[in-house]
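Peer 1: My questions will all concern the structure given below.
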Amino acid sequence: MDDIYLDKNENPFNVPEKVRKEFINYVKTANFNRYPEKWLPSLTKKLAGLTGFDIDNIIVTNGSDELLDMLIKHAAGDMVISSPTFEMYSFYARNYGYNVIDVPLRSDFSLDVDGILKQKDAKLVVICSPNNPSGNLMDRESIKKVLDSGVTTILDNAYYEFSGEDYTDLLAKYKNLIILRTLSKAFSLAGMRIGYGIADSGFISELKKLQAPFYMNILSARMAEIMIDNYDLIGEKIRYIINERERVYSEIKDIAYPSSANFLLIKKDIYDYMEEKGIHIRKLPLVKDRSRLTIGTKEENDRAIEAIHEYIEKIF
Ligand SMILES: *Cc1c(COP(=O)(O)O)cnc(C)c1O
């Protein structure tokens with residue numbers, strides 16, 4: 001049997017055939033000798049349409065990783081994170097020599113708001129919701145309390161499409177908030193590196209000053225546009241993945257936490273056990289006795305479920 005990869009929270013589906021065809025047609029006639037349009041007005045407009053915001057509220061980046069990099073560099077000071085969470089936050093802060101203050105999530109993976117608010121010197125707070133790797137959504141009232149303090153806050157919403165929770169209404173009130181999204185997960189475009197942020201227009205224009213005019217290649221930008229034009233095809237896949245997530249969870253709930261994303265946090269470190277079966281999942285070096293399973297296709301999930309059932313039988 002072939003190995004399967006349920007380790008990086010990727011979409012198990014490649015782009016729809018219709019999208020691939022449109023993209024290939026574009027490639028056939030693309031002007032590779034020319035620079036892209038400055039700051040990608042056409043893609044920015046499509047993302048504005050998709051999210052219901054103005055183009056002034058949107059910044060497009062090479063993966064949301066690049067946006068994190070820019071924001072952390074821009075904040076230029078202590079950053080608060082809540083572990084266990086996405087490792088790239090600390091990665092960038094360390095690159096710039098900024099302090100990372102960890103105010104860990106509580107045992108139920110909720111935010112320790114009081115703990116965060118005590119960090120008076122922090123220049124930046126990062127809240128990941130749904131959180132990677134725990135999979136849960138952060139409570140809206142808790143997020144508001146952090147925002148009320150006025151500190152610049154990144155709400156990493158990379159798994160938005162799987163979560164059913166839209167935080168963008170908070171942007172009307174909070175100019176210190178930036179919501180970060182990506183086309184790497186629900187939109188099946190991890191390989192193309194496209195992310196974006198939504199925030200107050202003043203915040204966005206400040207960020208754009210840090211961005212070179214020709215920062216993204218024309219192929220990624222065009223592929224993103226085509227995908228957005230075909231959002232209906234993506235919606236189908238998102239529903240499939242959510243259904244599968246609920247199915248997998250109900251099969252293995254003895255050792256998994258519920259999730260609002262496209263992965264499940266497993267209450268055991270089953271990384272080595274799964275590797276032996278050719279099922280690659282995510283080992284979590286910073287989280288003891290846990291591992292993370294990405295939701296794949298039905299067939300892939302069946303294999304993971306079968307392996308985990310065997311595991312459960314052995315340990316209980
Ligand atoms: C996958 C992921 C991202 C997306 O990164 P890209 O650079 O856009 O591919 C961002 N934040 C979290 C929490 C993620 O898990």
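The values are calculated or read from the model by the stated rules, or taken from the named source; none is laboratory data. Note that the coordinates shown come from a computational prediction; the quantities given were computed from them, not determined experimentally. Using ideal geometry, Cβ is built from the backbone for each residue, glycine included, and neighbour counts are taken over all protein chains shown.
Peer 1: Do you know which residues across segment 12-26 are β-branched (V, I, T) and free of Cβ contacts under 8 Å to residues at least 40 places away in the same chain?
Peer 2: Result: I24, single match.
Peer 1: Still on this model: For segment 1-113, which fully contained helices (runs of 4 or more DSSP H) count at least 2 residues that are farther than 27 Å from R292 by Cβ and more than 16 Å from the ligand (Cβ to nearest atom)?
Peer 2: Fully inside segment 1-113 and qualifying: 17-29, 41-51, 63-75.
Peer 1: When only residues in segment 215-232 that are modelled with pLDDT under 95 and out of contact with any Leu (no Cβ under 8 Å at 6 or more places or on another chain) count, which is surrounded by the fewest Cβ atoms within 10 Å (Cβ to Cβ)?
Peer 2: D232
Peer 1: Select from segment 153-199 the residues that are surrounded by fewer than 19 Cβ atoms within 10 Å (Cβ to Cβ) and within 12 Å of the ligand (Cβ to nearest atom) and list them in ascending order.
Peer 2: If the condition is that a residue be surrounded by fewer than 19 Cβ atoms within 10 Å (Cβ to Cβ) and within 12 Å of the ligand (Cβ to nearest atom), then A190, G191 are the ones that fit.
Peer 1: Among the residues of segment 228-236, is any of a type in the set (G, A, S) and either within 21 Å of D156 (Cα to Cα) or assigned to a strand (DSSP E or B) (or both)?
Peer 2: Checked segment 228-236: at least one residue is of a type in the set (G, A, S) and either within 21 Å of D156 (Cα to Cα) or assigned to a strand (DSSP E or B) (or both).
Peer 1: If you check V60 against the conditions, is it surrounded by 19 or more Cβ atoms within 10 Å (Cβ to Cβ) and either of a type in the set (V, I, T) or over 16 Å from the mean Cα position of the chain (by Cα) (or both)?
Peer 2: Judged against the criteria, V60 is a match.
Peer 1: In segment 48-88, how many are of a type in the set (A, V, I, L, M, F, W, C) and out of contact with any helix residue (DSSP H, G or I) (no Cβ under 7 Å at 6 or more places or on another chain)?
Peer 2: 6
Peer 1: Quick check on segment 114-135: of everything there that is within 14 Å of the ligand (Cβ to nearest atom) and of a type in the set (A, V, I, L, M), which residue is surrounded by the most Cβ atoms within 10 Å (Cβ to Cβ)?
Peer 2: V126
Peer 1: Restricting attention to segment 201-214, which residues are touching a strand residue (DSSP E or B) at 6+ places or on another chain (Cβ under 8 Å) and assigned to a loop (DSSP other than H, G, I, E, B)?
Peer 2: Q211, the sole residue that qualifies.
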